[in-house]
Amino acid sequence: MKKFLSVLMITLTCVAFGQPEKKDKEPKMAPVLAKGYYLNPKGDTVKGEVQTNYDNELDIYKGFNFRVPGTTKVVAISSKKAKGYGYEGHHFVLFPYDSQSEVYLEQLVSGRLNFFEFKFNETKEGRPVISSKYYIQDTKADEKEKEMRELKAISTKFYKKDLKPYMKEQPVTWNDLDKFTFNKEAVINAIKEFNKYYEGPQ
């Protein structure tokens, strides 16, 4: 009997040590919510709360998490369910990024000229970095320049040359921009200044 118990104990010990260790789930941040909205495919505004913190800061360009008032559950909203969304002064619009996918662009300026940013991962000099692409749109371009009504990417290297056709009517608003160094805040301010010329009576 003792021999049997010894064999049983050895067997149980081997089985216990042979089990794979249970890996703890990686901790996830608790959602931080802010008052916000999204536009459904019909263009209706749905108000609620939008999550503002994510484990990956680039997730906001792919989709977002949303809580409807009166509920406790935060649900993921994909680009198929929302044409745009926003919270706390941040506004995002859906854009066909390539033939297979759509992403959200952050609208940095709105008015006659709309200015957008999209952030993405890339590798530079063997190191992963977060880079940005910028897009511009003239909502009131005349018929002979109607292609400017569509979103167009601007190069950060030759950005002043790319901006010229859009801002040529008010050259004073972009003349002082540095020709060689792209500065996002300076471009935002220049476009806002340009848009003031086309705002209606306050």
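The values are calculated or read from the model by the stated rules, or taken from the named source; none is laboratory data. None of these values were measured; they are calculated from a predicted model. Positions of Cβ are backbone-derived with ideal geometry, glycine not excepted, and every protein chain shown enters the neighbour counts.
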Exercise. Can you spot a residue in the stretch 128-147 that is crowded, with 17+ Cβ neighbours inside 10 Å, touching a Leu at 6+ places or on another chain (Cβ under 9 Å) and not in a strand (DSSP E or B)?
Worked result: no
Problem set entry | Matching residues, the stretch 148-191, being acidic (Asp, Glu) and either in a helix (DSSP H, G or I) or within 23 Å of Val93 (Cα to Cα) (or both) | Glu150, Asp162, Glu185
For this session: Go through Tyr166, Tyr104, Tyr159, Tyr197 for me and flag whichever is farther than 30 Å from Asn65 by Cβ, of a type in the set (Ser, Thr, Tyr) and in contact with a Phe, Trp or Tyr (Cβ under 7 Å, 6 or more places away or on another chain).
Result: Tyr159
Exercise. Restricted to the stretch 46-73, and to residues that are under 21 Å from Pro96 (Cα atoms) and not aromatic (Phe, Trp, Tyr), which residue is farthest from the chain's Cα centre (by Cα)?
Worked result: Asn65
Exercise. Is there any pair with a first residue in the stretch 51-75 that is in a helix (DSSP H, G or I) and a second that is of a type in the set (Ser, Thr, Tyr) and at pLDDT 95 or above whose Cβ atoms are under 8 Å apart and which are 6 or more apart or on different chains, and what are they?
Worked result: Ile60/Tyr104; Tyr61/Tyr104
